[in-house]
1. Can you pull out every residue in segment A:239-254 that is farther than 22 Å from B:Thr52 by Cα and either under 28 Å from the mean Cα position of the chain (by Cα) or surrounded by fewer than 18 Cβ atoms within 10 Å (Cβ to Cβ) (or both)?
2. Spot the failing condition for B:Ala37; the list is (1) in contact with a Cys (Cβ under 7 Å, 6 or more places away or on another chain); (2) among the aliphatic types (A, V, I, L, M); (3) within 14 Å of chain A (Cβ to nearest Cβ), and only one is missed.
3. Of all residues in segment A:178-224, count the ones that are within 11 Å of chain B (Cβ to nearest Cβ) and either basic (Lys, Arg) or at positive phi (or both).
4. State yes or no: is A:Pro289 more than 9 Å from every other protein chain (Cβ to nearest Cβ) and in contact with a Gly (Cβ under 8 Å, 6 or more places away or on another chain)?
5. Quick one: which of B:Gln147, B:Gln77 is in a helix (DSSP H, G or I) and free of Cβ contacts under 8 Å to residues at least 12 places away in the same chain?
6. Just one of (1) within 21 Å of the chain's Cα centre (by Cα); (2) more than 14 Å from every other protein chain (Cβ to nearest Cβ) trips up A:Arg175, so point out which.
7. Can you pull out every residue in segment A:266-289 that is within 14 Å of the chain's Cα centre (by Cα) and of a type in the set (Ser, Thr, Tyr)?
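The values are calculated or read from the model by the stated rules, or taken from the named source; none is laboratory data. Predicted model, so just to flag it, every value in this text is computed and none were measured. Cβ atoms come from the backbone with ideal geometry, glycine included; neighbour counts cover every protein chain shown.
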Amino acid sequence: MAFLLLICWACGSGQKESEGEELVLQDDLGREIRLKRQPERVMAFASSMTEMLFAVCDTASIVGRSPQCDYPDAVYSKPVVNNYPVDLEQVLALKPDLIFTVEGITPLDMAARLEELGIPVYYQKYRSVEDILKGIEDIGRIMGREQQANYLTDSLRQEVQTIERRYSKQAQRQRVLAITWSDPIYVYGQNTILTDQLRILGAQNAVQEVFDQPYPALTREYILKMNPDVLLGGSIERLEREFFSLYPELRKIAAYQNKRIYQPTGNLIERPSPRVVESIRELESFLYP
Amino acid sequence: MRSAFYFIGAILLIVVALALGLQVGTFEVDLPTIWNAFFHHDPDNTTHYAITNLRLPRLLLALVVGASLAFCGYLMQAMVNNGLADPYLLGTASGASLGAVIVFFGFIEVSIGGFYMPPVFALVGAFVVTLVVVVLGYRKRQLIPAQLLLAGIAISSLVTAIVGLLTFLSDSEGKLKSVIFWSMGSFERASWTLLPYPATALLLALLLFAFLQKQLNILLLGADRAQALGVNVAQTRWAILGTVSVVTGFAVATSGPIGFVGLIIPHVTRGLMGATGKSNLLFCAFVGGLFMLLCDLLSRILYPPAGLPIGIITSFFGVPFFVYLLSQKNYKFSS
């Protein structure tokens with residue numbers, strides 16, 4: 001009865017309707033997922049979602065982790081499951097009721113294969129900091145841990161608002177270019193959470209053009225024209241060795257001239273995780289040293 | 001007379017392609033800006049800087065690499081007397097890829113002493129694999145073309161399998177991107193520092209074969225007849241092998257293994273100039289350079305700003321033309 005009540009109450013994002021005892025969910029890709037009961041054994045194929053699970057769920061309900069998962073430390077106590085290509089036998093052995101993943105990490109045909117084997121896959125996608133917070137709440141609802149999830153997101157939301165207020169009246173918005181790879185040059189495009197994090201900090205993504213890919217490849221000429229104020233992607237020494245030695249022409253950009261080159265923590269900036277505020281604070285330390 | 005017309009046509013088209021290429025990029029420029037970038041250069045003007053230090057070396061690298069691959073393709077087809085041969089038959093492309101991949105996957109530091117290592121190791125890989133293939137193709141103090149071809153195919157397959165294994169075991173999406181980008185070719189790394197290496201190799205090779213074009217044409221008649229006509233076949237073959245290894249090695253090391261140019265442009269050359277034209281090699285280099293310039297231009301126009309990988313363009317536009325050429329009744333591989 002309590003479970004039925006839970007179903008009726010949970011009609012927000014992520015949960016669509018109940019049909020008898022069955023729980024019917026709709027994920028961020030609009031896919032319908034049917035569960036026989038509320039999930040008790042779960043795992044995630046994305047390290048960001050593993051962090052969300054640890055932040056919200058009873059850790060005993062998390063049955064595995066992907067090879068990339070490295071936070072929190074408790075994650076190392078969980079068995080590793082290859083997420084690409086997916087180790088189907090290992091997944092079957094762990095018997096999860098539901099697998100969480102992020103758009104782009106797990107191919108849809110693999111999700112279909114898992115569902116044939118009786119293991120539903122739930123996708124989330126994020127374009128902004130608020131999407132991450134909603135994703136956490138979503139997991140809370142699905143796992144019956146709404147209170148813990150809301151407590152966490154309320155606190156994170158408050159911190160984001162405080163930071164946003166602090167920089168809302170910036171006259172000059174710094175243009176930040178964040179590179180993810182140097183040969184070829186791949187960068188954080190407009191369709192990434194970094195763009196929203198920079199907006200919160202009163203700065204802007206130097207890549208203003210919207211590309212189809214979240215992480216577009218750029219040419220030296222394009223970067224030269226953008227002339228970013230700040231470059232993220234590695235320490236000055238490392239980028240000097242691995243980036244500017246390959247592209248000496250880019251030593252003309254303002255970020256290089258003014259030595260405003262910083263190395264963000266990889267598993268912070270790359271992950272849409274509950275540590276998103278920590279990531280914003282780290283960016284803040286680069287933008288306003 | 002006809003060949004002179006084709007030469008002038010190719011040179012004019014190269015000039016036009018260079019002028020067009022200088023106008024394509026992120027900075028919007030017109031012809032007066034290009035003129036000023038060269039003749040009234042303002043060092044503080046970023047547009048001038050982009051034209052002279054990014055666009056021009058890129059275009060010249062495309063020209064040199066296209067010319068190199070076409071030239072080497074012509075030499076290889078003449079040496080093995082087979083129109084299916086290309087510069088990569090000696091394993092140069094797979095060797096270069098292995099060298100680059102070893103660096104991309106972190107077995108070697110990406111930068112040593114300020115030098116970016118992937119092209120350096122690509123060159124080393126190209127030379128090592130070519131050497132192995134040549135050793136295998138050498139028997140009883142003679143270079144045997146059929147054996148050389150088979151050795152090239154076998155060793156290339158093995159090296160490609162090693163590259164595939166390393167790629168499969170890669171733990172980083174970024175490294176995979178580097179390898180994919182590398183394997184399809186690009187001129188984005190072009191610079192005035194990089195350009196002299198492939199350009200010098202090509203110029204020296206062109207100079208050498210200015211004296212050997214006649215022997216090369218006689219070689220198309222077959223080794224026995226060439227020998228009977230006074231050509232030192234063994235010496236000519238060694239000259240071809242050495243040249244192809246070095247010129248292709250530098251081209252691939254700077255731009256990645258770009259396909260089809262070395263296969264199709266020699267056929268285009270013979271289609272236009274005849275199978276044994278006196279200036280075929282030089283013309284082949286010009287047409288290869290022109291073709292690559294046009295492919296680079298298209299790649300940047302079709303998919304700005306990064307441009308499509310150049311190997312995709314060379315295949316898309318080269319193969320239909322190649323098929324058309326082969327369907328022509330009057331086309332012959334040799335005289």
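1. Once the filter is applied, which keeps residues that are farther than 22 Å from B:Thr52 by Cα and either under 28 Å from the mean Cα position of the chain (by Cα) or surrounded by fewer than 18 Cβ atoms within 10 Å (Cβ to Cβ) (or both), segment A:239-254 yields A:Leu239, A:Glu240, A:Glu242.
2. (1)
3. Keep residues of segment A:178-224 that are within 11 Å of chain B (Cβ to nearest Cβ), which gives A:179-187, A:207, A:209, A:211-213, A:215-224.
When the remaining residues are screened for being either basic (Lys, Arg) or at positive phi (or both), the result is A:220.
Number satisfying all stated conditions: 1.
4. Judged against the criteria, A:Pro289 is not a match.
5. Working: B:Gln77 fails: free of Cβ contacts under 8 Å to residues at least 12 places away in the same chain.
Of the residues listed, the single one that is in a helix (DSSP H, G or I) and free of Cβ contacts under 8 Å to residues at least 12 places away in the same chain is B:Gln147.
6. (1)
7. Filtering segment A:266-289 for residues within 14 Å of the chain's Cα centre (by Cα) gives A:266-280.
Selection gives A:Ser273, A:Ser279.
Yes or no, residue by residue, for (1) at positive phi; (2) buried (at least 21 other Cβ atoms within 10 Å of the Cβ); (3) in a helix (DSSP H, G or I):
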| site | (1), (2), (3) |
| --- | --- |
| B:Thr167 | no, no, yes |
| B:Ser178 | no, yes, yes |
| B:Phe187 | no, yes, no |
| B:Ala190 | no, yes, no |
| B:Ala199 | no, no, yes |
| B:Leu202 | no, yes, yes |
| B:Leu206 | no, no, yes |
| B:Ile240 | no, yes, yes |
| B:Thr254 | no, yes, yes |
